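**Q** My structure is below; once you've seen it, I'll send some questions.
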Amino acid sequence: MGLRAPETQMNHAKTTTLAPLQTRAALAPVKAAEAVKVAIFDDSQALAAQQTPAPAQDKKPQQAPPESVLSIQQLKARAEALDRQEQALKTMETDLNARVAKLQELETMLKGMLSEAKSIKEEKMRHLIDVYTNMKPKQAASVLETLDENIAVKILAGMKGRTAGEILTGVSAKKAAKLSEELTKLQIGPELPEKP
């Protein structure tokens, strides 16, 4: 047994010396893998640093924003200017609406006045027709010869046919023909049959 003891001791010494070696050998692949990972990580960081552009020191200084980009103060100023213009337009619109209303009122008033003037004119013409109708035909004929043809025709048109005929017999033939022609145009329209 004694012999065996030194052998055991030797085996023990081998085991003791081998155990750290075996552990080291077993850990070596783990450490090697970690070392590879660290190397890969370091390489990837270096590669990323190369691909990443240089910091702002290498770049030109930051440019001012383009003219199309406005500052908040400029936008506020423009908004205020637009508000003032809008208010001015509303004021002008109100003023124009008031003027349009006044013009419409004046138009209505003028239409009324024209209508009234027309009725007065018709009333006066009716009175003038009555005056000539009540005159003796020869006396009315002599006055009609001196009147404007348009007025004379309107007077004759307002009379009864018999009375107008009696007055026309007292007028000169040339004047009677002209008055008759104008009277016909007034009654049937301006289109007379053409002479053959």
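Each value in this text was obtained by applying a stated rule to the coordinates, not by laboratory testing. Every value quoted in this text rests on a predicted model; they were computed, and no experiment measured them. Ideal geometry is used to build each Cβ from the backbone, glycine not excepted, and the neighbour counts take in all protein chains shown.
**Q** Are there any trypsin sites (Lys or Arg not before Pro) in the range 113-189 that are in a DSSP loop and have at most 12 other Cβ atoms within 10 Å? List them by number.
**A** Hits after loop and neighbour filter: 160.
**Q** Take the Cβ-Cβ distance between residue 131 and residue 102 as r, set R0 to 30 Å, and report the resulting FRET efficiency rounded to the nearest 0.05.
**A** Result of the calculation: an efficiency of 0.10.
**Q** Same structure again: Convert each backbone phi in the range 145-160 into a coupling constant with the Karplus relation 6.51 cos²θ - 1.76 cosθ + 1.60 (shift: θ = phi - 60°), then list the ³J(HN,Hα) values in order as whole Hz, x for Gly and Pro.
**A** Values per residue, Gly and Pro as x: 5, 8, 6, 4, 4, 4, 5, 4, 5, 5, 5, 5, 5, x, 8, 5 Hz.
**Q** So if I place +1 on the C-beta of Lys and Arg and -1 on the C-beta of Asp and Glu, and nothing else carries charge, what would the dipole magnitude of the range 94-196 be about its Cα centre? I want it in debye, nearest 20.
**A** 340 debye
**Q** Anything over 30 Å Cα to Cα? Flag those among 118/160; 76/102; 102/124; 118/174; 111/160, in the order listed.
**A** With Cα atoms farther than 30 Å apart: 76/102; 102/124; 118/174; 111/160.
**Q** Per residue of the range 125-130, in order, report the coupling 6.51 cos²θ - 1.76 cosθ + 1.60 (Karplus, θ = phi - 60°) as ³J(HN,Hα) in whole Hz, putting x for Gly and Pro.
**A** Couplings: 5, 4, 5, 5, 4, 4 Hz.
**Q** Hey, another quick one. Apply the Karplus curve 6.51 cos²θ - 1.76 cosθ + 1.60, θ = phi - 60°, to the phi angles in the range 81-91 and return the couplings in whole Hz, x for Gly and Pro.
**A** 5, 5, 4, 5, 5, 4, 5, 5, 5, 5, 5
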